[in-house]
Amino acid sequence: MAEQNLFLVVGAYGEPEAADEDYKALKSGESAGDYDIVGAVVMNRDKDGKVRVTEHETGKVSKGAGVGAGAGVVVGLFAPPLLAATAIGAGIGAVIGALRKRHDEKALGVDVDEYLPPGSSAVVAIVDDKWADKVESALVKADKRISKAIDSGDYDELQRAVEKSETEVKDAAQS
């Protein structure tokens with residue numbers, strides 16, 4: 001992915017239905033050839049703060065890996081602290097620690113409490129920078145939106161760690 005300049009595009013919603021509708025419209029725009037999405041998820045956070053990834057068609061992010069890995073990369077780049085709650089396998093621990101540190105220093109991810117407070121939803125997408133404005137504009141029902149550059153090293157490191165973690169879990173389940 002080093003040849004791409006990636007952006008994280010986030011739309012925040014007070015209503016889960018609005019997030020679902022924008023997600024479907026986002027995927028429809030991709031299918032129509034309006035833009036390419038590297039990966040996208042819909043996240044819902046209940047009133048108690050528990051986060052669920054309710055839809056994920058992560059496309060190219062999960063190439064060669066399971067669906068869970070692609071969603072994990074998107075979640076990790078959005079908010080590394082949330083990845084710890086959704087991550088599987090022990091191999092991802094060190095990467096989560098490093099990403100959390102960068103997130104806390106405001107160099108990575110976004111503020112979870114601002115873009116996914118309890119009782120809300122978010123559409124989170126990873127796109128090439130040439131599509132960031134179009135994808136952000138496609139989130140028409142969002143209460144607020146943000147686009148943020150992603151360091152390709154963070155993307156690559158997280159993708160490897162999530163894929164390794166997923167492989168460890170599959171191997172353990174098969175033994």
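Since every read-out is calculated from the coordinates, none of them should be taken as a lab result. Quick caveat, the model's predicted, so the values are computed rather than measured. FYI the Cβ positions are ideal-geometry reconstructions off the backbone, even for glycines, and counts take in every protein chain you see.
Remarks
- Per-residue extension of 0.36 nm, minus the Cα-Cα distance of ALA32 and GLN4, leaves a gain of 7.9 nm for this segment.
- Sequence-distant residues sharing a close amide H with ILE150 (under 5 Å, placed H): LEU6, PHE7, LEU8
- Each Lys or Arg adds one and each Asp or Glu takes one away; over the other residues whose Cβ falls under 14 Å from the Cβ of SER147, this sums to +1.
- Using the Cβ of VAL10 as centre and a radius below 12 Å, the other residues enclosed give a net charge of -2, where K and R count +1 and D and E count -1.
- FRET efficiency for ARG160 and ARG52, using Cβ-Cβ distance with R0 set to 30 Å, rounded to 0.05: 0.75
- For a label point 7 Å along the Cα-to-beta-carbon line of ALA149, residues of the stretch 1-37 with backbone N under 18 Å: 1-10
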